[in-house]
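*Asks:* Before I ask anything, let me first share the structure, which is written out below as structure tokens.
The values are calculated or read from the model by the stated rules, or taken from the named source; none is laboratory data. In this text, all values refer to a predicted model and were calculated from it rather than measured experimentally. When we count neighbours, we look across all protein chains shown, and the Cβ atoms used for this are built from the backbone with ideal geometry, even at glycine.
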Amino acid sequence: MNECINILCATDAAYVPYCAVMLTSVFECNKSERINVYVLIDKPLLAKAQKCFMRLAEQYNNGISFLQIDKSFVQDVPVNGMDYWSVATYYRLYAAELLPDTVHRILYLDCDIVVNGSLHELYQTDLTDKALAAADDIYIYTDARQNNLGYPPAAGYFNAGVLLINVDYWRRNQVGKQCLSFLEAHHDSLEANDQDVLNAVLWNVRVPLPLACNYQIQFLSKHFFALQSEEKKQEILDAYSRPLVIHYAYYIKPWAILYYKKPFLSEWQYYQRLSPWRHIPRTLPKRKTINYIIKRYLLWPLGWMHYDSGFIV
């Protein structure tokens, strides 16, 4: 048995089923590992949901704990960006203060993720004198974001959906306090909420991770792919055949009806079927145009589903 892998995630009631799918993928792909999961929540989950989580962990002989967070520290902070983002995105900033003293490192994973292989090598990444390890974000090509956050563009910009966190470093350097101070001073100018905060505070104490460790599907979109360097394009193509972590960082999620032509749908559906929420109903867009209504309820049932996905694969 290898050293225990600690997993951190954050959810609210709406994202519970998707969190469970993510954890199912972690457990299924890491059966030789002992895994402890810590779930950040702002209020107790329904008893049925908690029981499902506990059964899932027990099925794989792993552990799960729920850490209730006082969300008052961000209740007045605006949540910018996509309409599916919520204030729960900020909870990870406060994680080190809530985790047990026995936890020295932890892998944070967003709920819109599935793990597609062993996490052992990733979890062993050297974090000596570093706060975290993270992969580049799709917005690495722009200097404006870094300039706005007050650090050199050459340092890059990482995605916060997958973070290997040096918890000892966070405690020793009061990273949570630094993040909250930056958030209080700059929340009106943030574009990507806590991700901007983490980049602004930790840009010079980050270990870069390979793209395969946080394979954001938007890298495959024609628009973002065209903006990458030739080296990055090759990394995107190389990692496509076997990404370790698939991150559905896209405004349409794999549990939505309109995702039918997007990358890695079958992978998400596979882990959904293994999860306690194997019958998650497909969601509809919040804004339903007349064109959408015609396609969804008239043309699609007749088999007409032509759609330009905007992706290179």
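*Asks:* Taking the stretch 188-210, which residues are more than 17 Å from PRO152 (Cβ to Cβ), of a type outside the set (S, T, N, Q) and surrounded by 19 or more Cβ atoms within 10 Å (Cβ to Cβ)?
*Replies:* Matches in the stretch 188-210: LEU190, ALA192, ASP194, VAL197, LEU209.
*Asks:* Select, from ARG105, ARG145, the only residue that is in contact with an Asp or Glu (Cβ under 8 Å, 6 or more places away or on another chain), in contact (Cβ under 8 Å) with a residue 60 or more places away in the chain and charged (D, E, K, R).
*Replies:* Of the residues listed, the single one that is in contact with an Asp or Glu (Cβ under 8 Å, 6 or more places away or on another chain), in contact (Cβ under 8 Å) with a residue 60 or more places away in the chain and charged (D, E, K, R) is ARG105.
*Asks:* Do you know which residues across the stretch 30-56 are at pLDDT 95 or above, surrounded by fewer than 18 Cβ atoms within 10 Å (Cβ to Cβ) and touching a strand residue (DSSP E or B) at 6+ places or on another chain (Cβ under 9 Å)?
*Replies:* Within the stretch 30-56, ARG34, MET54 qualify.
*Asks:* Checking VAL197 against (1) over 25 Å from ILE312 (Cβ atoms); (2) in contact with a helix residue (DSSP H, G or I) (Cβ under 8 Å, 6 or more places away or on another chain); (3) of a type in the set (A, V, I, L, M); (4) not in a helix (DSSP H, G or I): exactly one of these is not met. Which one?
*Replies:* (4)
*Asks:* Go through (1) touching a residue at least 12 places away in the same chain (Cβ under 8 Å); (2) loosely packed, with under 15 Cβ neighbours inside 10 Å for ALA185 and report which single condition fails.
*Replies:* So ALA185 meets the others, but not (1).
*Asks:* Of the numbered conditions (1) in a helix (DSSP H, G or I); (2) closer than 28 Å to ASN166 by Cβ; (3) more than 19 Å from the chain's Cα centre (by Cα); (4) at pLDDT 95 or above, PHE73 satisfies every one except a single condition; which is it?
*Replies:* (4)
*Asks:* Taking the stretch 211-257 as the search range and keeping residues that are modelled with pLDDT under 95, under 19 Å from GLY156 (Cα atoms) and among the aromatic types (Phe, Trp, Tyr), which one is surrounded by the fewest Cβ atoms within 10 Å (Cβ to Cβ)?
*Replies:* Taking the candidates together, the pick is PHE225.
*Asks:* Identify the residue in the stretch 258-303 that is hydroxyl-bearing (Ser, Thr, Tyr), under 17 Å from LEU220 (Cβ atoms) and at pLDDT 80 or above and, among all such residues, is surrounded by the fewest Cβ atoms within 10 Å (Cβ to Cβ).
*Replies:* Ranking the qualifying residues of the stretch 258-303, first place goes to SER266.
*Asks:* Could you tell me whether any residue of the stretch 105-125 is among the charged types (D, E, K, R), in a loop (DSSP other than H, G, I, E, B) and surrounded by fewer than 20 Cβ atoms within 10 Å (Cβ to Cβ)?
*Replies:* No, because not a single residue in the stretch 105-125 is among the charged types (D, E, K, R), in a loop (DSSP other than H, G, I, E, B) and surrounded by fewer than 20 Cβ atoms within 10 Å (Cβ to Cβ).
*Asks:* With (1) of a type in the set (A, V, I, L, M); (2) modelled with pLDDT of 95 or more; (3) over 20 Å from LEU209 (Cβ atoms) as the list, and MET82 as the residue in question, which single condition is left unmet?
*Replies:* Of (1) of a type in the set (A, V, I, L, M); (2) modelled with pLDDT of 95 or more; (3) over 20 Å from LEU209 (Cβ atoms), only one is false for MET82: (2).
*Asks:* On to the next question. Looking at VAL201, is it at pLDDT 95 or above and touching an Asp or Glu at 6+ places or on another chain (Cβ under 8 Å)?
*Replies:* No, not satisfied.
*Asks:* State whether one or more residues within the stretch 6-27 are modelled with pLDDT of 95 or more and either more than 20 Å from the chain's Cα centre (by Cα) or in a loop (DSSP other than H, G, I, E, B) (or both).
*Replies:* no
*Asks:* Counting only residues that are within 17 Å of LEU274 (Cβ to Cβ), of a type in the set (A, V, I, L, M, F, W, C) and part of a helix (DSSP H, G or I), how many does the stretch 28-48 have?
*Replies:* Adding up the residues that qualify gives 1.
*Asks:* Moving to a separate point now. Go through the stretch 230-253 and give me each residue that's assigned to a loop (DSSP other than H, G, I, E, B) and without any contact (Cβ under 8 Å) to a residue 40 or more places away in the chain.
*Replies:* SER241, TYR250, ILE252
*Asks:* Among the candidates VAL207, VAL313, which residue alone is within 30 Å of THR128 (Cα to Cα) and either in contact with a Ser or Thr (Cβ under 7 Å, 6 or more places away or on another chain) or modelled with pLDDT under 90 (or both)?
*Replies:* Step by step, each of VAL207, VAL313 is checked, and only VAL207 is within 30 Å of THR128 (Cα to Cα) and either in contact with a Ser or Thr (Cβ under 7 Å, 6 or more places away or on another chain) or modelled with pLDDT under 90 (or both).
*Asks:* Which number in (1) assigned to a loop (DSSP other than H, G, I, E, B); (2) under 22 Å from ALA20 (Cβ atoms) marks the one condition that TYR91 misses?
*Replies:* (1)
*Asks:* Give ASP136, ASP168, ASP129 a once-over and let me know the one that is crowded, with 20+ Cβ neighbours inside 10 Å and touching a residue at least 24 places away in the same chain (Cβ under 8 Å).
*Replies:* None of the other options fit; the residue is ASP136.
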